[in-house]
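Worksheet: one structure, shown below.
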Amino acid sequence: MAENTKQAFLQYKSDQNVRWCPGCGDHAILNALQKTMAELEVPNEDLAVISGIGCSSRLPYYMNTYGFHTIHGRASAMASGVKVANPKLQVWQITGDGDALAIGGNHFIHAIRRNIDLNVILFNNQIYGLTKGQYSPTSKRGFISKTSPFGTIEYPFRPGELTIGARGYFFARTIDKEIKLSVHVMKAAAKHKGTSIVEVLQNCVIYNNNTHQEITDKKYKDDRTIVLEHGKPMIFGKERNKGLILEGITLKVVTIGENGITEKDILVHDAHCEDPTIHLKLADMEYPDFPVALGVIRDAAAPVYDECAQQQIEEIKEKSKIKSFHDLVTTGDVWEVK
Amino acid sequence: MAKKSKVIEREEVVVRFSGDSGDGMQLTGSLFSFSSAIYGNDISTFPDFPAEIRAPQGTIGGVSGFQVHFGHSEVYTPGDNADVLVAMNPAALKANLEWLKPGATIVIDVDSFDDKNLAKAGYKSNDPIEEDNLSSYNIIKAPITTMTKNSLKDMGLDNKTILRSKNMYALGLVFWLFNRPLENTERIIREKFSKNPEVAEANIKVLEAGYNYGVIIQAGTPSYHISPADIRKGTYRNLNGNKAIAWGFLLAAEKSGLELFLGSYPITPATEILQELSARKDLGVKVFQAEDEIAGISTAIGASFAGDLAITTTSGPGLALKGEALGLAVMAELPLVVVNVQRGGPSTGLPTKTEQSDLMQALYGRNGESPLVVMAASSPVNCFDYAFYAAKVAIEHMTPVILLSDGFLANGTQPWRIPEEGEFPEIKPPFVEKPAEEWNVYERDPEKLNRYWALPGTPGYQHRIGGLEKDFLTGAVSYDHHNHDKMVKIRKEKIDRIADFIPPLEILGDEDADLLIVGWGGTFGHLYTALEALHDEGKKVALAHFSYISPLPRNSYEVLKKYSKIVVCELNLGQFASYLRSQFPDVVLHQYNKVEGLPFTVAELKDHFNKMLEE
Ligand SMILES: Cc1ncc(C[n+]2csc(CCOP(=O)(O)OP(=O)(O)O)c2C)c(N)n1
Ligand code: SF4
Ligand SMILES: [Mg+2]
């Protein structure tokens, strides 16, 4: 069995040498993606992996699938074209925080708004890796980088908030080195119909080392993150004794067993509810006030662009008297010259 | 029918319908041109509407016009100046005086020439004829508004509907002027208003009333007669350049067996192509209205990668935004057609006006050595042919193609003969035929040098492409300097070889001319008409009109070399002339340029050519 899984996993690797820096979080994300495909058993030829430009966007070269490494920022639009042209393909979009949220911000929000069935993996290292270390739209306020030697004076985007703001129906978060969790959310993303955004907290060892360390480090991870699961109470902590409740309209961290709180008081995660209010609050939770939410935060159903586009064509084809080019040009105001 | 007092036999006539934006002049003009076409005249039309959607009523800024040129031999332009002007208000009269032939007939609606409207049009007195010195024109003062009201007074219609049919009165009168039957127009009106038969009958009643007014006032008013043109047999319809482009792609999709994908963002004057194809879901067209031009081309490139016939349509500012992605299509060697309907520039420029100033942008507006195909349509109806061939070249040679049209071609109409079965060739996409194990992503057809197309979804042919330089054979990323040099050269060579697959440059007019006129794109009609006029005067002139610009036809140099005096005419400051000089440095080229947002006039071309002939 183990041998078989290994075999299946290797089937998605291309013959190219992986060129990321040793220790870069991208290696683990690539592994997780290949494992996801192996577990979903998608035929290689039905996969299209589309990226923009950045360290992360090199990923398609390492996959034995159809792949297109396009231009900076335009991956969402390119991938949208691929999916609308051939809805049978399972389309993965690989993008960085700069690629998706700076130069490609417009395409990113519009792909989400349309709800095209794309599985987007957003490598969030809070830095421009490929261009060697400038701050990005997800860098924390005050962040020092080559282009912000005195600290940035701008607030970062929160990818979850942006996704929900653009009317997104799927948002999940994982950590590069947590391969099991990554495979879990990537599978959920693949199964979700519509645009799925998976934010991966990725470490750039060279230009932004340990940027997520305070939450991803094994020592504190359990206390500083919460893995959400649909239908399960929102409990976290090494001792599994902390939880989230709603007080008025705000979330609050409580300790089970203190102040009369029991497990029954803890919120139960409903990823499928259409109203995104709680999902937004969960996605926006930041350490140290809150644990950072991981897992599938939102996974609700909505009409899917590429399906609707196909359906509309089928319906109109059925109804229209025009079945061919010839029908079109000979219908209407025509006359004969003899 | 009453006998005409004076019938003038004419070769050709230009009629201009002009009125307020709300006066229905576009419909009037189209009805008139359609009935002339059915009658057997050759026609060319051009609408002229204000850039502002709701310009103030009665002002010159709000004047909307429609010009029809028809004749009993072939007609190539909508005409410089009008023989007949219909002016529904004082502003329409004022705005069009510049474009009248000496002694032209002017039909005015005297009812609208009140003090208020005269003032809005900028007249100082209440006698525009006197004020503008129009006594040499043949002016028909028709009480159009009153007569329209009179003829509909018993039909129980509201005032607004009644006033809206004024344009039919004017149309009826013009039909009388040209001795034309009304049946066809009446049939179209009934079809057009089939859901509202009352309105249809009202319009027809007014149309007939207008015609009868002509019969009554005929004394002293000339009536023109233009015999049918000698036109090739077939089934015809009127088509403008934008619709022709959309339809050319539909045929290309059918002939290539590919599905058509359009990614586009609205921009004047290209929007109509997007709208036309959006309505063609019945033919399976996938239209993606993108968030901007970059997404328009990017979705198209994605669709091309996935195996569709992918196109994107825009105008100059949009082409600027598409530059980087075009480079990707060059590098990835994927088929793609970019239509650029040129307008006045730079920047937002003159959105509703025509110009040819994006040629350099099309040829060179990208980073790196990024050769591609540039073609230009030269008449409203051959926009159809060039859209078809742009798609054919893109697919069969695996390359992006930029097809240039312009505002003049986009909105102008001509009768279009519906092509018969077999008139257009099949399009053969170069799909990979080799077994997957033997195939390399960048191996090429030995003759055309295109790489082969392997579509996602096909088992075994998984491959990766992208914007980074690729190995000459395997397509793996390569930074090798020798490889880059080889790839740059082969991409250029691939485009150059397309010259073997396009028609040679033709010479129209006198082979041994004293003056060779050179043009490209949408100026053909004016250049050719000027040539014919000079020819009739016994002058020896020839025209070489280019539709393939990159690559140029193989015989271009040979043709140019034959002439000692050459003038390149274009609606810019000399972009094509510069391009030709860069290709053929020893050929001496004169230039005739105009950048007013307007087409050439035949008269100004004739003057200029005559001067050159005398020098
Ligand atoms: C049009 C354009 N502008 C700028 C660049 C330079 N550039 C390449 S990648 C990049 C940022 C990459 O950051 P991100 O998307 O976060 O990817 P990462 O390298 O961090 O994975 C920039 C600015 C480019 N390639 N193209
Ligand atoms: S620069 Fe950073 S993001 Fe890029 S490969 Fe190296 S570690 Fe990874
Ligand atoms: Mg980054």
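The values are calculated or read from the model by the stated rules, or taken from the named source; none is laboratory data. In this text, all values refer to a predicted model and were calculated from it rather than measured experimentally. Here the Cβ is made from the backbone with ideal geometry for all residues, glycine too, and neighbour counts use every protein chain on show. Side chains are part of the model used for accessible areas, which takes the heavy atoms of the whole protein and leaves out ligands, DNA and RNA. Shrake-Rupley method; radii C 1.70, N 1.55, O 1.52, S 1.80 Å.
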- Task: Just name the residue that is least open to solvent (accessible area, probe 1.4 Å) out of those in region B:284-297 that are in a helix (DSSP H, G or I) and within 7 Å of chain A (Cβ to nearest Cβ).
- Result: B:Ala295
- Note on the structure: Selection from region B:464-478 of residues assigned to a loop (DSSP other than H, G, I, E, B) and more than 7 Å from chain A (Cβ to nearest Cβ) yields B:Glu469, B:Asp471, B:Phe472, B:Leu473, B:Thr474, B:Gly475, B:Ser478
- Message: Among the residues of region A:99-140, what is the count of those that are within 9 Å of ligand 1 (Cβ to nearest atom), part of a loop (DSSP other than H, G, I, E, B), touching a strand residue (DSSP E or B) at 6+ places or on another chain (Cβ under 9 Å) and away from chain B (no Cβ under 14 Å)?
- Response: 6
- Any idea which of (1) of a type in the set (Val, Ile, Thr); (2) open to solvent by 20 Å² or more (accessible area, probe 1.4 Å); (3) within 14 Å of chain A (Cβ to nearest Cβ) is the one B:Ile490 doesn't satisfy? (3)
- Within region B:256-280, restricting to residues that are of a type outside the set (A, V, I, L, M) and more than 24 Å from the chain's Cα centre (by Cα), the one that is nearest to the other protein chains (Cβ to nearest Cβ) is B:Glu259
- Kindly indicate whether any position in region B:169-182 is assigned to a helix (DSSP H, G or I), buried (at least 17 other Cβ atoms within 10 Å of the Cβ) and within 14 Å of chain A (Cβ to nearest Cβ). no
- Message: away from ligand 2 (no atom under 16 Å from the Cβ) and more than 18 Å from A:Ala48 (Cβ to Cβ): which single residue out of A:Thr131, A:Thr152, A:Thr138, A:Thr195 fits that description?
- Response: A:Thr152
- Take region A:207-237 and flag every residue that is of a type in the set (S, T, N, Q) and under 29 Å from A:Thr147 (Cβ atoms). A:Asn208, A:Asn209, A:Asn210, A:Thr211, A:Gln213, A:Thr216
- Query: Which ranges mark the helices (runs of 4 or more DSSP H) fully within region B:30-136 that have 2 or more residues being closer than 20 Å to B:Phe175 by Cβ?
  - Reply: none
- Task: With respect to A:Asn106, determine if the residue is of a type in the set (S, T, N, Q), more than 16 Å from ligand 2 (Cβ to nearest atom) and out of contact with any helix residue (DSSP H, G or I) (no Cβ under 6 Å at 6 or more places or on another chain).
- Result: yes
- Item | Selected residue (criterion: most open to solvent (accessible area, probe 1.4 Å)) from residues of region B:336-360 that are part of a loop (DSSP other than H, G, I, E, B), among the polar types (S, T, N, Q) and in contact (Cβ under 8 Å) with a residue 40 or more places away in the chain | B:Thr352
- Task: Could you check, for region A:225-235, whether at least one of its residues is away from ligand 2 (no atom under 16 Å from the Cβ) and among the polar types (S, T, N, Q)?
- Result: yes
- Message: Any residue that is within 12 Å of ligand 3 (Cβ to nearest atom), buried (at least 21 other Cβ atoms within 10 Å of the Cβ), modelled with pLDDT of 95 or more and more than 16 Å from A:Leu280 (Cβ to Cβ) - is there at least one of those in region A:110-118?
- Response: no
- Query: What about B:Leu85, is it in contact (Cβ under 8 Å) with a residue 40 or more places away in the chain and open to solvent by less than 40 Å² (accessible area, probe 1.4 Å)?
  - Reply: yes
- Query: If you take the residues of region A:198-217 that are assigned to a helix (DSSP H, G or I) and within 16 Å of ligand 2 (Cβ to nearest atom), which of them is least open to solvent (accessible area, probe 1.4 Å)?
  - Reply: A:Thr216
- Restricting attention to region B:397-424, and to residues there that are under 17 Å from B:Leu250 (Cα atoms) and of a type in the set (Asp, Glu), which single residue is surrounded by the fewest Cβ atoms within 10 Å (Cβ to Cβ)? B:Glu421
- Residue count, region A:287-318 (criterion: within 10 Å of chain B (Cβ to nearest Cβ) and of a type in the set (Phe, Trp, Tyr)): 1
- Item | Matching residues in region B:321-335 - criterion: being open to solvent by less than 10 Å² (accessible area, probe 1.4 Å) and either within 11 Å of another protein chain (Cβ to nearest Cβ) or free of Cβ contacts under 8 Å to residues at least 60 places away in the same chain (or both) | B:Lys322, B:Gly323, B:Ala325, B:Leu326, B:Leu328, B:Ala329, B:Ala332, B:Leu334
- From B:Ile490, B:Ile465, residue being out of contact with any helix residue (DSSP H, G or I) (no Cβ under 8 Å at 6 or more places or on another chain) and over 22 Å from B:Ala577 (Cβ atoms): B:Ile490
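So that you can scan it fast, the table gives a plain yes or no per residue for (1) assigned to a helix (DSSP H, G or I); (2) open to solvent by 50 Å² or more (accessible area, probe 1.4 Å); (3) more than 24 Å from B:Ile245 (Cβ to Cβ); (4) assigned by TED's automatic domain parsing to the domain that holds B:Pro335:
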residue: B:Val518; (1), (2), (3), (4): no, no, yes, no
residue: B:Ala533; (1), (2), (3), (4): yes, no, yes, no
residue: B:Ala542; (1), (2), (3), (4): no, no, yes, no
residue: B:Leu560; (1), (2), (3), (4): yes, no, yes, no
residue: B:Tyr579; (1), (2), (3), (4): yes, no, no, no
residue: B:Val587; (1), (2), (3), (4): no, no, yes, no
residue: B:Asp607; (1), (2), (3), (4): yes, yes, yes, no
- For region B:228-279, enumerate the residues that are farther than 17 Å from A:Trp335 by Cβ, part of a loop (DSSP other than H, G, I, E, B) and open to solvent by 10 Å² or more (accessible area, probe 1.4 Å). B:Gly257, B:Leu258, B:Glu259, B:Tyr265, B:Pro266, B:Ile267, B:Thr268, B:Pro269, B:Ala279
- Task: Those residues that are open to solvent by 10 Å² or more (accessible area, probe 1.4 Å) and of a type in the set (A, V, I, L, M), I need them from region B:32-74; list them, please.
- Result: B:Ile38, B:Ala51, B:Ile53, B:Ala55, B:Ile60, B:Val63
- Item | helices (runs of 4 or more DSSP H) contained entirely in region A:1-98, each with at least 2 residues that are more than 14 Å from ligand 1 (Cβ to nearest atom), farther than 24 Å from B:Leu336 by Cβ and of a type outside the set (Ser, Thr, Tyr) | A:2-10, A:26-40
- Query: For region A:55-80, which residues satisfy the criterion of being more than 21 Å from A:Thr163 (Cβ to Cβ), at the interface with chain B (Cβ under 7 Å from one of its Cβ atoms) and open to solvent by less than 10 Å² (accessible area, probe 1.4 Å)?
  - Reply: A:Pro60, A:Thr65, A:Tyr66, A:Gly67, A:Phe68, A:His69, A:Thr70
- Given (1) away from chain B (no Cβ under 14 Å); (2) free of Cβ contacts under 8 Å to residues at least 60 places away in the same chain, number of the condition A:Leu280 does not satisfy: (2)
- Of (1) surrounded by fewer than 24 Cβ atoms within 10 Å (Cβ to Cβ); (2) in contact with a Gly (Cβ under 6 Å, 6 or more places away or on another chain), A:Asp99 satisfies every one except (1)
- Count of residues meeting criterion [polar (S, T, N, Q) and more than 10 Å from every other protein chain (Cβ to nearest Cβ)] in region A:29-54: 3
